[in-house]
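This report refers to the structure that appears directly beneath it.
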Amino acid sequence: MNSELKRICKTLRLAYVADIVDTIPFENPEQYLESLLHRELQLREEAKAERLIKKARFLSKKTLFQWSEQVRFPPHIDAKELCELHFINQHENVILTGSPGTGKTLLATGLGRKACQNGYEVRFYRVSDLVDTLERVWKEGKLQQFRNKFKKVDLIILDEMGYIPFSKDGAELLFQLISDWYEQKSLIITSNLEFSQWNRIFVDSRLTAALVDRVIHHAHILSFTGDSYRVTHALSRQK
Ligand SMILES: Nc1ncnc2c1ncn2[C@@H]1O[C@H](COP(=O)(O)OP(=O)(O)OP(=O)(O)O)[C@@H](O)[C@H]1O
Ligand SMILES: [Mg+2]
């Protein structure tokens, strides 16, 4: 492509047209223009999703697509409805509880990646890391700055709630953050504890009650049962 055309594309902020101009089949001008711009749009959306996925900082690369091929959803769950992500627009939460290795993190990550592909801002945190960060920024006097980072975020995934108990300060900081988000954001929380046992993580039972109340107010609760996929996988390799 000639340099004048490149310049015009740049001015018009068409990021991909210059690269793909020769790859689009030509039948007639209208069809060509439409296909070309359509592809530009598609590539932009893909790049945006990639950016969002990077910003979300998922720990695993597994996608919902790979996941849904093999998954057994708990029978009472409307998988299709969940995967359509309406809960995000409605600022509802999804709570995944169940024993280790049953696929909670995998589902949370899969939903999060799908949300990125649909243009949502997502953040993924292991709860213990988030609490460490909260304690650090608090000590540095940067708590407000940290909270402001979530202004544009739509969905926050809190993985492994209850695996490690918090300090009193840590619990209070986390509680404040979750209160900030209440009815403003969606949360996906994974935990291997039932709600009745959450006070084991928070020490202060009043705080626990208030937190559980907020979190489950608008929540879809999915409990995962069955055997650990890790164990099953290990056993099948042994054979
Ligand atoms: N439906 C599934 N089919 C096949 N493999 C699965 C399925 N669900 C989970 N796995 C695999 O099993 C392993 C454990 O899954 P995952 O990490 O999501 O469990 P978890 O419920 O988060 O466990 P934990 O409570 O210990 O964090 C992962 O390697 C995951 O890829
Ligand atoms: Mg997990």
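The values are calculated or read from the model by the stated rules, or taken from the named source; none is laboratory data. Since the model is a prediction, treat every value here as computed from it, not as a measurement. Backbone-built Cβ (ideal geometry, glycine too); neighbour counts: all protein chains shown.
Summary of computed values
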quantity: Any chance residue 203 is under 15 Å from residue 175 (Cβ atoms) and surrounded by fewer than 16 Cβ atoms within 10 Å (Cβ to Cβ); calculated: yes
quantity: Boolean, residue 154 is away from ligand 2 (no atom under 16 Å from the Cβ), among the charged types (D, E, K, R) and over 15 Å from the mean Cα position of the chain (by Cα); calculated: no
quantity: Answer residue from the range 150-202, given it is in contact (Cβ under 8 Å) with a residue 40 or more places away in the chain and part of a loop (DSSP other than H, G, I, E, B) and is farthest from residue 57 (Cα to Cα) among those; calculated: 194
quantity: Within the range 93-126, tally of residues that are in a loop (DSSP other than H, G, I, E, B) and touching an Asp or Glu at 6+ places or on another chain (Cβ under 9 Å); calculated: 6
quantity: Output for the range 215-228, where each listed residue is under 15 Å from residue 161 (Cα atoms) and in a helix (DSSP H, G or I); calculated: 215, 216
quantity: Set 72, 57: member being at pLDDT below 65 and either out of contact with any helix residue (DSSP H, G or I) (no Cβ under 9 Å at 6 or more places or on another chain) or in the same structural domain as residue 160 (by TED's automatic domain parsing) (or both); calculated: 72
quantity: Some residue of the range 100-123 being surrounded by fewer than 21 Cβ atoms within 10 Å (Cβ to Cβ), in contact (Cβ under 8 Å) with a residue 12 or more places away in the chain, in contact with a helix residue (DSSP H, G or I) (Cβ under 8 Å, 6 or more places away or on another chain) and within 23 Å of residue 209 (Cβ to Cβ); calculated: no
quantity: Among residues of the range 94-123, those that are among the charged types (D, E, K, R), closer than 16 Å to residue 82 by Cα and away from ligand 2 (no atom under 13 Å from the Cβ), counted; calculated: 2
quantity: Condition check for residue 77: part of a loop (DSSP other than H, G, I, E, B), surrounded by 12 or more Cβ atoms within 10 Å (Cβ to Cβ) and modelled with pLDDT under 95; calculated: yes
quantity: Among residues of the range 21-32, those that are modelled with pLDDT of 95 or more and either under 23 Å from residue 119 (Cβ atoms) or surrounded by 12 or more Cβ atoms within 10 Å (Cβ to Cβ) (or both), counted; calculated: 3
quantity: Wholly enclosed helices (runs of 4 or more DSSP H) of the range 1-57 bearing at least 3 residues under 30 Å from residue 122 (Cβ atoms); calculated: 17-20, 29-56
quantity: Residue identified as within 15 Å of ligand 1 (Cβ to nearest atom) and either aromatic (Phe, Trp, Tyr) or buried (at least 18 other Cβ atoms within 10 Å of the Cβ) (or both) among 190, 208, 225; calculated: 190
